[in-house]
Structures are given as structure tokens and as C-alpha cells.
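*Asks:* Before I ask anything, let me first share the structure, which is written out below as C-alpha cells.
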Amino acid sequence: MHLRPHFLVIALVALLPFHAEAQHMSLGAGLGTDGVTVELNASMGRYVHLRAGYGKAFGIINGTISKIPVPLHPGNPDGGSVTVPLKLQLGMNEGHLLFNIHPGDCAFHFTVGTYFGNACLLSGALSYLPADYNTVGIDVDGYLVKAQDGVMKGAIYAPGFGKGAFAVKPYFGIGFGRAVREDRRMSFSIDLGAQYLGKPTLWGLGEGLTGRTRMVPLPEDALGDFSDKARQFTRYLVVWPTISAHFYVRLF
Amino acid sequence: MKKISFVLVFLLPLLFSCDSLNDTHFKDPAFLQYSGRLTPMDIMPFTKATAQAVSGSVTSIELTESGLFVIGTMIDENGTINYRTGRYSVQDNIYLLTGVGSLSFNNSASGNVNLIFTPLEGEPQQIPANFLKSKSTNTAFRTWKVEKTRITVRGFWVASADFKGCDFLEIAEFLRNNGNKVPPEVPALSVSTISLTGTDSMIFAYTDSSADVNEFSLNGNVLTYDWKDLPLSFTFESDKAVIEYMDGKCILSIDGRIQNSTTSGNVTFVLSPTD
């Protein structure tokens, strides 16, 4: 029996608002550093709004580092090298459960809650790798992390307080605007905050002996010098700045 | 609330899925009841069976559960045995060995039999022989096609590599390119099948119809073998291998060390049934 966390997240996000004694509800869409989001919001009294939603980055924010040097033969550093491009993109794919707390009847609010779901923060792909990279790789529990047709896929996973590929990332922020307005059909909100990422780790796409593929965590020193560079980069990734804008339509 | 319950019921099947990782359901091999090993008790010349390049005195004829035959012939006075492989079929209890001839004997049980061998271009010969009937008690006892070979090398660096099939030249070139010492005289061969038989023979059959045959015993999923020769010149650190089943495949994992090298490693074969 194998639990599929994604479906669990979607189901929770979809159903949680119904359990609150909602006075008014709204449907929202947003864009930000947490991806493209959809939300179902419920007012719980005058001062608290519950926001349950789902966001995905869709690779909208991305970039390419064009010249990453790699050995021609991965096991032989003296055998020459080539440069290959590394494409990076935001990899969020997660649900969130947030509470907007308004100190009064004003639009200003504090937000607390959590993001949860797929731990992928940043996904990347090295392309045009030499042929040896389609053969050789790093074995993690029977899954061989290597290139396929010259492309090696990896990711930085940030689990927060979660474990492995499932993230639970607490969020705290401030914002302006109301997710549910009693007096208007439509409303707008801007939020600024931070998600706690925990200790980000490198993962790679591994191929099992029988051809199954899955993302697996790479041992800390598996990539030699590249591991050191990745560590230097990820140690600054303790929190993820989250800036987002949302547009809401009141349902009732 | 009813709507929510309905949605939950609808979603529940999506939350869970069943994986069949350890699939050991294989159909019986096609020649299960005919399989065994013949050991001639008298000189059995095979000089006329030229199609399979078999010559010398026959020491054994292995008839595997999956229709593969392996003929062992002593090719010199030092006792060197050469093995050749091919396919056999059975009609009216007569074994038809492709490119060799036919065999007829009482295959109902283990024991001494009167073997009638008829070469492709020759007269029937009667030879006293011993027949060891396959005990055929294990899923592993069949001929397996080598689909993939995963080699893990532990030397200056640790890495694994996947190869389609098991082509010795391809593997050796890859190891050399990546800074590993490999003996220069690697044969231009691929392992086509690996057979484990109910007569305790482990047969590595190569693409040129040659083979290596050795004895093994199976205790649970641990295979203990007595290996005497392998063209890639691996000497094994231990005489044990592990068998597992996954996704309808057999996974045979062997620890090894390359001769005259500090490099050690693990060779894992991904095998699929041939019948």
C-alpha cells in the first residue's frame, strides 16, 4: 500500500474550509514566489480569515547557467572536460493552510500557517552531457541517478519540519487586503512573508533496476566539488521569501 | 455534508495504490518435465556434430527447464572442458538438439539409462549413461535472459553504471575510460542467458554459443556457487550471490573483484524469463 501525498494534500485543502463555521466564502487566484495559486477562503468572524489553497510554480520563474564544466568521462578527471548548460526553475507544488488575522476592521493583517506538500523548491537539469553520463551514476538504494539521453535531472528539496519529499513549511507574514469582503463581491490582497525551509538537500532522478524512476536524496559528498558548491548555496536557503498578490471573488 | 462525504468516497481510491514490487509469479518453464543432466558412462565421441563445433568426448549434457542444452566435451588430456549451447525440443520423448542430433532415453526418473544418440549425419549409438532428473522445485530454476547489467565500482571513486545486456567489450571500454584497470584480453562476448537448473548447474551462455557451467546451491534467496572460470576474468570475493524478484524480473547480485586490480565491485544482473 502506497500513500500518495499529493492527492491527500489536494483533498485536505479542498475540504478543510467546509469544517470551519464559515460565514462567508471566497475563491481566489494568486501569483507570487510561491507559484500560481488558487484558494478557497472562509471568514471566521470579523478578524480571522482561513485560506486553504494550492500552488504550483509551472516553471514560470527560471534561468540557465550556460557553462558548467564536467569531465568527459565522469570517473576520469584527467580525461578532458566539456561545458554543458544547467537550467534551473522554481519547483513548488504544494498546498497551504493560512490564517489572516486582522487586528481590527482594517485591511492590514498578519498571516500565520503552513505550506505542505512536495518538498521540491528548485528543480534543475544538466543537458548535452557526454554519453558516459547515460551509463554511470550514483546508486541510492537501488536507484541509479544518471542522465537519460544526455539530460540529468535533479532538485533541491526543502522539507521544513517535514521529512524526505514531503514538506511542512511554517509561514509568517504580513499583508494588506481582505480575502473575504462582506461588502464587496471582489477584493485584492498583497502578502509579504517567509517560509521556513529547514535544511535543503540535493535530490536526483534515479532509475531502478527494473526501469522504475523516482527522486532520491543524494549522499552529501556524492557530487565532489559540486556538492561543496551546492552546500554553500543551500546554507543560505533557511527561509524562502514569499511575495504574492491575490484576487478574490466572494461566493456567498 | 453529504456532498463532502461523496467527494471523500470518490477520492479515497486515489489516495492509495498497490505496488507489486516482489512479483514471483512466473509460469512453469516449457520443458520442466524433460529437464535433467546426462552423464555418459562410456566414451561418447561427438566429432560428427560439426554444426555446433562440438568435438571430443562428451562429459555431460545438460537439458535445462527452458529448452536450452549444454554439451560439455573434454578437449584435451588435461581435462579442459568446452561447453556449447543450443536449443532443444522434445517429440515423442525424443530430444531434438538443434545442430547436433537426437537423444532418446528413459527420462521418467533419475538413474542409469540406455542413451541412444543419433548425430545429424550418422548412425545411432548406444551409450550407457546416468540421468539426473531436475528437482525443479524453485522459481529460479529456468533460463533467464540478461536484460541489464548494473556494475558498481568501488575504487578511487564509487559509482554505478547500467549496461543494456552484458557486453564485455562495452563494459571493459567504459571501465578503462573512467580510470579503472581492466585486463587487456577481454573477450568479444556478451552474456545472452543465465540458467539455474534443478540439477544444481549455473550456466552462463554467451552469444557465440559457448558457455561456462558451474555448480551452485540455493538456500532461501542466497545462492552459493563454485565458480571456476569467467571470460571477463573476475575473481569473486565471496562465493555467494543473492536472488530477488521485482516487477516480474529476477535480480541476481554478485560481489566481485577485478583481477590484478584494487578495484572491487558488485555486478547485478536484471533477468527476465525466456519462457
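The values are calculated or read from the model by the stated rules, or taken from the named source; none is laboratory data. Predicted model, so just to flag it, every value in this text is computed and none were measured. Note that each Cβ is placed from the backbone with ideal geometry, even for glycine, and that neighbours are counted across all protein chains shown.
*Asks:* Among the numbered criteria (1) in contact (Cβ under 8 Å) with a residue 60 or more places away in the chain; (2) under 30 Å from residue A:28 (Cβ atoms), which one does residue A:190 miss?
*Replies:* Here residue A:190 clears every test but (1).
*Asks:* Considering the range A:172-201 alone, what residues qualify as being surrounded by 16 or more Cβ atoms within 10 Å (Cβ to Cβ) and either modelled with pLDDT under 90 or not in a strand (DSSP E or B) (or both)?
*Replies:* Answer for the range A:172-201, where residues must be surrounded by 16 or more Cβ atoms within 10 Å (Cβ to Cβ) and either modelled with pLDDT under 90 or not in a strand (DSSP E or B) (or both): A:178, A:179, A:180, A:181, A:197, A:198, A:200, A:201.
*Asks:* Here's another thing I want to ask about it. Of the numbered conditions (1) buried (at least 18 other Cβ atoms within 10 Å of the Cβ); (2) more than 10 Å from every other protein chain (Cβ to nearest Cβ); (3) in a loop (DSSP other than H, G, I, E, B), residue B:185 satisfies every one except a single condition; which is it?
*Replies:* The single condition residue B:185 does not satisfy is (1).
*Asks:* Separate question: Of everything in the range A:94-143 that's part of a loop (DSSP other than H, G, I, E, B) and at positive phi, which residue is modelled with the highest pLDDT? Outline the logic, then answer.
*Replies:* Of all residues in the range A:94-143, those part of a loop (DSSP other than H, G, I, E, B) come to A:102-107, A:119, A:127-131, A:141-142.
If we keep only those that are at positive phi as well, we get A:128, A:141-142.
Values: A:128: 94, A:141: 85, A:142: 86.
In this case the residue turns out to be A:128.
*Asks:* Another question, if that's okay. Give the range B:139-182 a look and list any residue that's among the charged types (D, E, K, R), part of a helix (DSSP H, G or I) and at pLDDT below 85, or say none. Before you say what the answer is, go through the steps one by one.
*Replies:* Step one: filter the range B:139-182 for residues among the charged types (D, E, K, R), giving B:142, B:145, B:147-148, B:150, B:154, B:162, B:164, B:167, B:170, B:173, B:176, B:181.
Checking which are part of a helix (DSSP H, G or I) leaves us with B:170, B:173, B:176.
Hit for the range B:139-182 is B:176, nothing else.
*Asks:* Quick one: in the range B:243-256, of everything that is within 12 Å of another protein chain (Cβ to nearest Cβ) and not small (Gly, Ala, Ser), which residue is nearest to residue B:191 (Cα to Cα)?
*Replies:* At the first step, the residues of the range B:243-256 found to be within 12 Å of another protein chain (Cβ to nearest Cβ) are B:244-253.
Pick out the ones that are also not small (Gly, Ala, Ser) and you get B:244-247, B:249-252.
On the way: B:244: 20, B:245: 20, B:246: 21, B:247: 22, B:249: 17, B:250: 16, B:251: 15, B:252: 14 Å.
Here the residue is B:252.
*Asks:* Does residue A:79 satisfy the condition of being touching a strand residue (DSSP E or B) at 6+ places or on another chain (Cβ under 7 Å), part of a strand (DSSP E or B) and away from every other protein chain (no Cβ under 14 Å)? Before you say what the answer is, go through the steps one by one.
*Replies:* Numbers: touching a strand residue (DSSP E or B) at 6+ places or on another chain (Cβ under 7 Å): yes; part of a strand (DSSP E or B): yes; away from every other protein chain (no Cβ under 14 Å): no.
No, not satisfied.
*Asks:* Looking at this structure, is residue A:142 in contact (Cβ under 8 Å) with a residue 24 or more places away in the chain and either away from chain B (no Cβ under 14 Å) or crowded, with 21+ Cβ neighbours inside 10 Å (or both)?
*Replies:* Details: in contact (Cβ under 8 Å) with a residue 24 or more places away in the chain: yes; either away from chain B (no Cβ under 14 Å) or crowded, with 21+ Cβ neighbours inside 10 Å (or both): no.
Answer is no for this residue.
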